[in-house]
Every structure is written in C-alpha cells, then in structure tokens.
C-alpha cells in the first residue's frame with residue numbers, strides 16, 4: 001500500500017533559522033515525490049518534486065528537499081525561514097505502478113516567529 | 001491558483017439536498033481530480049478523470065457523483081447519501097495522469113450543512 005507520513009503536526013522556528021519539515025513514504029516501485037504549500041482557505045501550491053536524478057531538489061521560494069532512498073524520506077528544508085513561510089505543508093507521493101493517484105500526508109503546520 | 005476556477009467559494013446544504021460544486025480549467029489538461037480536505041487528515045481522493053467521458057472512483061466516493069462531458073469541466077455533486085459533507089473541497093488538474101506530472105489546484109469550496 002502507498003502512504004505518506006508527516007510525523008509532526010506543527011513545526012515552530014524563529015525567523016532567520018533553518019527549517020525542516022519531515023516526510024516519509026511507502027510506495028511500490030520508484031517514488032515520485034512532491035511538496036505543496038497551502039495558505040488559509042486557499043488551494044495547494046506546488047513547491048518542488050523529485051522524479052529521478054540528483055537527490056537534492058530545489059524549488060520555489062528558496063525551498064529544497066532531499067530524497068533519501070534508504071530511509072524512504074523526502075524532507076523539506078530551507079536555510080533561512082521567513083515569517084511569510086508560515087503555512088500548511090503537504091508531502092505527496094505517486095508510485096510508478098499505481099500512478100493514477102496522489103497520496104497526501106496529513107500536513108504540517110509551519111509557524112515562523114519574528 | 002492558476003487556471004482552475006472553483007465555484008462557489010462557500011456553499012450551504014440543507015438536509016436531504018443535493019448540491020453541485022463547479023470546477024473549470026483553461027489549462028487544456030486531460031486529467032482532473034476532486035479531493036476532500038478535513039482538519040488533520042490531509043487530502044482524500046473522491047473521484048478522478050483521465051479523459052473526457054471517463055472517470056474513476058477514488059478512496060471516498062460514496063455519497064458523491066461526477067461527470068466529465070467536457071474537457072474543461074468536472075463538476076462534483078454531493079448527494080443526500082453523504083451524511084457528513086462538511087469539508088473543504090479541492091479540484092485539481094494535470095496534463096495527464098503520468099506519475100511525474102504536477103497537479104494544479106483550485107482555490108476550493110467550503111461546504112457546510114445548515
């Protein structure tokens with residue numbers, strides 16, 4: 001079965017500090033991994049994806065994510081957090097053998113304090 | 001939220017009433033999706049469509065129905081059989097169902113029961 005786990009409901013960081021939002025996955029075959037961000041009462045916005053190649057993926061707004069196959073993880077990172085980064089972040093996965101569906105994690109609320 | 005328009009933004013349903021949520025896209029995408037979002041549960045797939053005149057049930061299709069008569073339109077009907085319809089509903093589209101394709105989301109419709 002395919003699934004995504006985001007173990008932290010909430011992450012709190014101070015502005016200017018690095019941030020990490022964790023994601024682990026379970027999928028048949030090679031994974032296709034995505035990060036999305038959601039602001040209140042809005043749809044999801046795409047941040048970045050991993051399909052193949054370099055394990056470090058760079059995306060929008062200075063975010064990056066590191067794919068680790070042995071740990072089945074795809075953690076989202078940013079070197080220096082901004083207050084405007086405060087939002088709900090979702091990790092999602094598709095498997096190469098069942099690519100009709102995205103499987104989303106439950107979301108992690110990021111709070112960046114001034 | 002790109003070229004995906006969801007309407008209305010807020011919708012109220014009376015007991016025993018069917019309501020229809022609209023989703024229109026001008027991205028020329030073949031694939032379209034409906035998700036339900038509840039607090040702390042992430043996104044759950046209701047229905048998806050790979051192409052016009054075709055659609056498939058997702059993980060929580062009971063009490064919902066869809067149609068795909070035009071490429072740009074994928075309306076969702078919440079029927080009276082759906083006993084707990086209060087949620088945030090998100091429509092998405094992608095170029096195709098290929099695993100690496102990004103899903104683009106509308107701004108959502110918040111449905112409440114009167």
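The values are calculated or read from the model by the stated rules, or taken from the named source; none is laboratory data. Everything numeric here is computed off the predicted structure, so don't read it as measured data. Neighbour counts run over all protein chains shown; Cβ positions are idealised from the backbone, glycine included.
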Any idea which residue in region A:96-114 is surrounded by the fewest Cβ atoms within 10 Å (Cβ to Cβ), counting only those that are more than 16 Å from residue A:35 (Cα to Cα) and out of contact with any helix residue (DSSP H, G or I) (no Cβ under 8 Å at 6 or more places or on another chain)?
A:97
Unique residue being in contact (Cβ under 8 Å) with a residue 12 or more places away in the chain, on the phi > 0 side of the Ramachandran plot and either more than 10 Å from chain A (Cβ to nearest Cβ) or touching a strand residue (DSSP E or B) at 6+ places or on another chain (Cβ under 7 Å) (or both) when the list is B:42, B:58, B:106, B:63:
B:63
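Residue A:100 - would you say it is facing chain B (nearest Cβ under 10 Å), free of Cβ contacts under 8 Å to residues at least 12 places away in the same chain and assigned to a strand (DSSP E or B)?
Numbers: facing chain B (nearest Cβ under 10 Å): yes; free of Cβ contacts under 8 Å to residues at least 12 places away in the same chain: yes; assigned to a strand (DSSP E or B): yes.
When the stated conditions are applied, residue A:100 passes them.
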Quick check: is even one residue across region B:61-68 assigned to a strand (DSSP E or B), surrounded by 18 or more Cβ atoms within 10 Å (Cβ to Cβ) and at pLDDT below 95?
no
Residue within region B:45-56 that is more than 24 Å from residue B:113 (Cβ to Cβ) and part of a loop (DSSP other than H, G, I, E, B) present
yes
Taking strands (runs of 3 or more DSSP E) that do not extend beyond region A:13-95, which have at least 3 residues that are without any contact (Cβ under 8 Å) to a residue 40 or more places away in the chain, touching a strand residue (DSSP E or B) at 6+ places or on another chain (Cβ under 8 Å) and surrounded by 12 or more Cβ atoms within 10 Å (Cβ to Cβ)?
A:44-50, A:64-68
In region B:1-16, how many are in a loop (DSSP other than H, G, I, E, B) and surrounded by 13 or more Cβ atoms within 10 Å (Cβ to Cβ)?
3
Tell me the residue from A:80, A:73 that is away from chain B (no Cβ under 14 Å) and under 28 Å from residue B:59 (Cα atoms), please.
A:73
For region B:78-90, indicate whether the set of residues that are buried (at least 22 other Cβ atoms within 10 Å of the Cβ), in contact (Cβ under 8 Å) with a residue 60 or more places away in the chain and within 11 Å of another protein chain (Cβ to nearest Cβ) is non-empty.
yes
